[in-house]
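Trainee: Below is one structure. I have some questions about it.
A short reminder: the numbers here are calculations on the coordinates, not readings from a lab. What you see is a predicted model; the values in this text were computed from it and never measured. Note that we place each Cβ from the backbone using ideal geometry, even for glycine, and neighbour counts take in every protein chain shown.
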């Protein structure tokens, strides 16, 4: 049974003793971050701060901060269950006769069942503030000492393609300038930014709706690397096994989740920008101050007593790392669809999503590893990957120690390394130019004579299965 909203998920967390309620007053400026950072680094529970200084509303944070909680959020025993469901869709059986076509109909109907459902109203409309909408009552965090101000850190930002009319949802931080304006941290590569650029070219104001809260599938879907023009709420429906209910906004022509906690409605004007940042980011460094578009609030709708969702980012591991691992597992089948030779993939937590990818392949021909590198660099947001390490099929890429061992033993640094120039994530601070620089691919597979390795390649040291079975059977006899 899908969660109806964020409160449903909180109840589930509490039933499994995965939630800690903090009942003393805490300050949203730095104090909550320090508490959460310590808990996160120790793989601790979700936190519900019931008394936040300066706000009447409670704050939920670190809700997705473990693999157990991510699986609970998406209602699966393992994220690979979702991957298998996606694989069933992207690799359907091709019907060869009428009976097989009829058998495919239930699958098509299930896909149709995930389309977002429009409703007239919902819990997020319990209070409608059009005259004097204000952010002042919300427990918005200042996360780190050098941050440029307070930031909304877990927003679901809805915009509409001004040409096609297709709605998009993404997650971009929002620096609070005053009670009615914020920054809109749209990186140039993101869909929200593309909508803004298209509106700017047309000299049109871009309507925006910002949802705070929602059921976990809705929140996760805002972070998912989906193709352009693919509705994130349809994907959320797929994850939760039923349609997301959406309500029309009051002052902008957009739809928003009916079971969110808060909706901020407003607009971004063409050509208007303001300095945003610094911000302590998921790289573990402060992202620098730069001009970004400005969001103006025209209306706030909310529940009578909303639950404010937040997250913090910083040096890994933190909550966002587990969202990243979810993306790794869930979207692996789509990568395999494009690259059937891929066996498995690991986005190490230390790589903060876009710095490192370990990938194992079923190597079939000389130069195969390099082909995979370039294919990955040409795949959606994986174009930002700064380091790709390719290993053979039998290597466990989920074991970082094994990958590093192969890296140390299997690589000739002159022959097996490829450095290319291309797009980089906007948060990369090491490149000489913003958003553009060098990336490295490392072929750590076994090298063939056809790849210029004319020496004999040694075998791995592996004990025989007979001896392994013998020792396993006698283990207790040895006194262990």
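Trainee: Would you mind pulling out the separation of the Cα centroids of the stretch 149-164 and the stretch 1-44, in Å?
Mentor: 24
Trainee: Next up: What fraction of the DSSP beta bridges in the stretch 339-451 is antiparallel, stated in percent and rounded to the nearest 5?
Mentor: Counting DSSP beta bridges with both partners in the stretch 339-451, the antiparallel share is about 55 percent.
Trainee: Taking Cα pairs under 8 Å and at least six residues apart, what relative contact order does the stretch 267-368 come out at, in percent? If you can, show how the numbers build up before the last one.
Mentor: On the way: 123 pairs, mean separation 19.9, N = 102.
Computed value for the stretch 267-368: 20 percent relative contact order.
Trainee: Given (i) 1.14; (ii) 1.00; (iii) 1.53, which label gives Rg/Rh (Cα atoms, Kirkwood Rh) as computed from the coordinates?
Mentor: Correct label is (ii).
Trainee: Among 223, 379, 472, which comes first, then next, by fewest other beta-carbon atoms within 10 Å?
Mentor: 472, 379, 223
Trainee: Next question, about the same structure. Using only Cα atoms, tell me the angle between helix 400-410 and the longest principal axis of the chain; keep it within 0 to 90° and round to the nearest 10.
Mentor: 40
Trainee: Order of 230, 9 from fewest to most other C-beta atoms within 10 Å?
Mentor: Fewest-to-most ranking of 230, 9: 230, 9.
Trainee: Out of all DSSP beta bridges with both ends in the chain, state the antiparallel percent to the nearest 5.
Mentor: Expressed as a percentage, antiparallel bridges in the chain total about 75.
Trainee: Can you sort 429, 203 by how many other beta carbons sit within 10 Å, fewest first?
Mentor: Fewest-to-most Cβ neighbours within 10 Å comes out as 203, 429.
Trainee: Averaging over every viewing direction, what projected area does the convex hull of the Cα atoms of the stretch 339-451 cover, in nm²? Could the numbers behind the result be given before it?
Mentor: Numbers: hull surface 27.5 nm².
Its average projected convex-hull area is 6.9 nm².
Trainee: Now a separate question. In degrees between 0 and 90, to the nearest 10, how far off the longest principal axis of the chain does helix 191-201 point, with axes built from Cα atoms?
Mentor: Taking the Cα atoms of the chain, the angle to 191-201 is about 60 degrees.
Trainee: So, one more: For the stretch 282-311 and the stretch 191-226, what is the centre-to-centre distance using only Cα atoms, to the nearest Å?
Mentor: Comparing the Cα centres of the stretch 282-311 and the stretch 191-226, I get a distance of 13 Å.
Trainee: Mind pulling the angle between the C-alpha long axis of helix 319-330 and the longest principal axis of the chain? Nearest 10 degrees, somewhere in 0 to 90.
Mentor: 60
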